[in-house]
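Colleague: Below you will find the structure I want to go over with you.
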Amino acid sequence: MELRHLRYFVMVAEERHFTRAAARLNMQQPPLSQQIRALEQELGFELFKRHPKGVDLTAGGLVFLAEAQDILSRVEQGALKASRAASGIEGTLVIGFTSSAATHPLIPQIIRAYRERYPGVEVALKEGSARELTEEAIEGRLDVGILRAPVGQHQSIQFHRLHNEEMLLTLPVRHPLLAQVDASMQLPEISINALKDEKFILVRRPGAPGMYANLIKACQNAGFNPHIAFEVERMLTNVSLVAAGAGVSIVPASMKDVHRESVVYCRILDARPRLLAPLTLVCRTFNPPAPLENFILLARHLSTIYRKG
């Protein structure tokens, strides 16, 4: 028994006439009659009682009609649902993010635009470190992670750079270095050479290896090794410890409004290499689901618009 047999049967049952049903099916009446006979033989009972004006359903035919209509309806709905899933209109998408990446205005803009464009996709959000999100992407427990610099490499994942932004020095208010700069500037400027005696608070190297390494190199190129007083898991913790007077730190420029009453953000001059904070997507490479592909396309498109703006 094939689906076409069920469609033929339902059409004849609706028309109560073989010739009219054949016309709707765009086929000849004799082949249609032969297919219905074959279906009746396979079922072992008559579906129709033939008479000069057409046909009527038998008792068995009435029951089978309801079942056939239900089967065809479920097949149609299943095909529609599968088609929507294949095109990324329906499904699920698990998005992870680091706290520092989430503070950049581009990220909530991308997630909001995606949810508006694909309301049939269930979006799950979770926070983690760059290392944690990368491991979950490798293991398939996460569709896409939004982080700063890539952490490690693996054949099952790929990275998409969306944006680069400046890193800023974060000082507690009334820090002695602030007496040497123009306080009227929105972002005072301080040379990296002035930081050789400061205690740095940084995200642990495994969580932000690129930015960590670039700061170390910039300090060494300025002639000193930085004094790392604390290493923390999250960049937001950096700023809280700076506000408490425990040291200084560097953070992406998009975080410059965090604890603004307790800290001062400054531009860093003379740093080699230039200290930048990227925005990066990490996702799996093998057989990416359609919702993920749509998310990446949208993120890249909106990041291009953001950079041009």
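The values are calculated or read from the model by the stated rules, or taken from the named source; none is laboratory data. Remember, predicted model here, so these are calculated numbers, not experimental data. Neighbour counts run over all protein chains shown; Cβ positions are idealised from the backbone, glycine included. SASA here: full protein model, heavy atoms, side chains in, ligands and nucleic acids out. Shrake-Rupley method; radii C 1.70, N 1.55, O 1.52, S 1.80 Å.
Colleague: Compute and list, largest first, the equivalent-ellipsoid semi-axes of the stretch 67-117 from the alpha carbon gyration tensor, each √(5λ) rounded to a whole angstrom. Don't skip to the end; give the middle numbers.
Modeller: Values: eigenvalues 288, 19, 9 Å².
Here the semi-axes work out to 38, 10, 7 Å.
Colleague: Once amide H atoms are placed 1.01 Å from N in the peptide plane, what residues at a sequence separation of 5 or more from Thr58, or on another chain, have their amide H within under 5 Å of its amide H?
Modeller: HN-HN under 5 Å from Thr58: Phe48, Lys49.
Colleague: Please work out the average accessible area per residue across the stretch 59-132, using the 1.4 Å probe convention, and give it in Å².
Modeller: 54
Colleague: Would you mind telling me the share, in percent, of accessible area of the stretch 170-294 contributed by carbon and sulfur at probe 1.4 angstrom?
Modeller: Of the solvent-accessible surface of the stretch 170-294, carbon and sulfur hold 50 percent.
Colleague: Take the Cα atoms of the stretch 4-86, find their three principal axes, and give me the spread along each one in whole Å, biggest first.
Modeller: 48, 26, 19
Colleague: Need the full-extension length gain, Lys196 to Gln158, defined as separation in residues times 0.36 nm minus the C-alpha distance. One decimal, nm.
Modeller: On the way: separation 38, 0.36 × 38 = 13.68 nm, distance 3.69 nm.
Once the chain is fully extended between Lys196 and Gln158, it gains 10.0 nm.
Colleague: Only one of the listed values, (1) 27, 33, 18, 14, 8, 0; (2) 35, 61, 4; (3) 25, 35, 21, 16, 3, was derived from the coordinates as P(r) over Cα pairs in 20 Å bins from 0, in percent; which label is it?
Modeller: The calculated read-out lines up with (1).
Colleague: On to the next question. How many percent of the accessible area of the stretch 14-102 is carbon or sulfur, using a 1.4 Å probe?
Modeller: On the way: 2850 of 5270 Å².
Looking at the stretch 14-102 in its full context, I get 54 percent from C and S.
Colleague: Now for a separate question. Quick query: amide H of Val248 versus all other amide H atoms, modeled in the peptide plane; which residues come in under 5 Å with a sequence gap of 5 or more or a different chain?
Modeller: Under 5 Å from the amide H of Val248: Lys199, Phe200, Ile201.
Colleague: Continuing with the same structure: Return the percentage of antiparallel bridges among DSSP beta bridges fully within the chain, rounded to the nearest 5 %.
Modeller: Percentage antiparallel, nearest 5: 60.
Colleague: Sticking with this structure for a sec: Report the residue, chosen from Ala229, Ala253, Ala243, that carries the largest GNM mean-square fluctuation when the chain is represented by alpha-carbon nodes joined by springs under 10 Å.
Modeller: Ala229
Colleague: Keeping all protein chains in position, work out how much accessible area Cys283 exposes to a 1.4 Å probe, and write it in Å² to the nearest 10.
Modeller: 0
Colleague: I've got another one for you. Round to the nearest 0.05 the FRET efficiency obtained for Thr237 and Leu297 when R0 = 30 Å and r is the Cβ-Cβ distance.
Modeller: Details: r = 34 Å, r/R0 = 1.13.
The value I calculate is 0.35.
Colleague: Follow-up question, since we're still on this one. Each residue of the stretch 250-260 in order: what ³J(HN,Hα) in whole Hz does its phi give by Karplus 6.51 cos²θ - 1.76 cosθ + 1.60, θ = phi - 60°, with x for Gly and Pro?
Modeller: Once θ is set to phi - 60°, the couplings for the stretch 250-260 become 10, 9, x, 4, 5, 9, 5, 9, 6, 6, 4 Hz.
Colleague: Something else: What's log10 of I(q)/I(0) for the stretch 81-220 at q = 0.10, 0.11 Å⁻¹, Debye sum over Cα points only, no solvent?
Modeller: Ignoring solvent entirely, the Cα scatterers give -0.49, -0.57.
Colleague: Need one number: the % of Cα-Cα pairs in the stretch 128-195 sitting beyond the 20 Å mark. Please report the intermediate quantities before stating the final value.
Modeller: Numbers: 1164 of 2278 pairs.
So the pairs more than 20 Å apart make up 51 percent of the total in the stretch 128-195.
Colleague: Okay, next question. Quick one: which of Lys126/Lys199; Lys199/Lys256; Lys196/Lys256 span more than 25 angstrom between C-alpha atoms?
Modeller: Cα-Cα > 25 Å for Lys126/Lys199; rest within.
Colleague: Using only alpha carbon positions, build the gyration tensor of the stretch 151-309, then give the equivalent ellipsoid semi-axes as the square roots of 5 times its eigenvalues, largest first, whole angstrom.
Modeller: Whole-Å semi-axes of the equivalent ellipsoid: 32, 18, 14.
Colleague: Please give me, ordered by residue number, the chymotrypsin sites (Phe, Trp or Tyr not before Pro) of the stretch 1-69 that lie in loop per DSSP and have at most 16 other Cβ atoms within 10 Å.
Modeller: Working: sites: Tyr8, Phe9, Phe18, Phe45, Phe48, Phe64; in loops: Phe45.
Listed in order of number, the matching sites are Phe45.
Colleague: Right, next: Name the residues whose placed amide hydrogens come within less than 5 Å of the amide hydrogen of Ser191, ignoring near sequence neighbours (fewer than 5 apart) on the same chain.
Modeller: For Ser191, the qualifying residues are Leu269.
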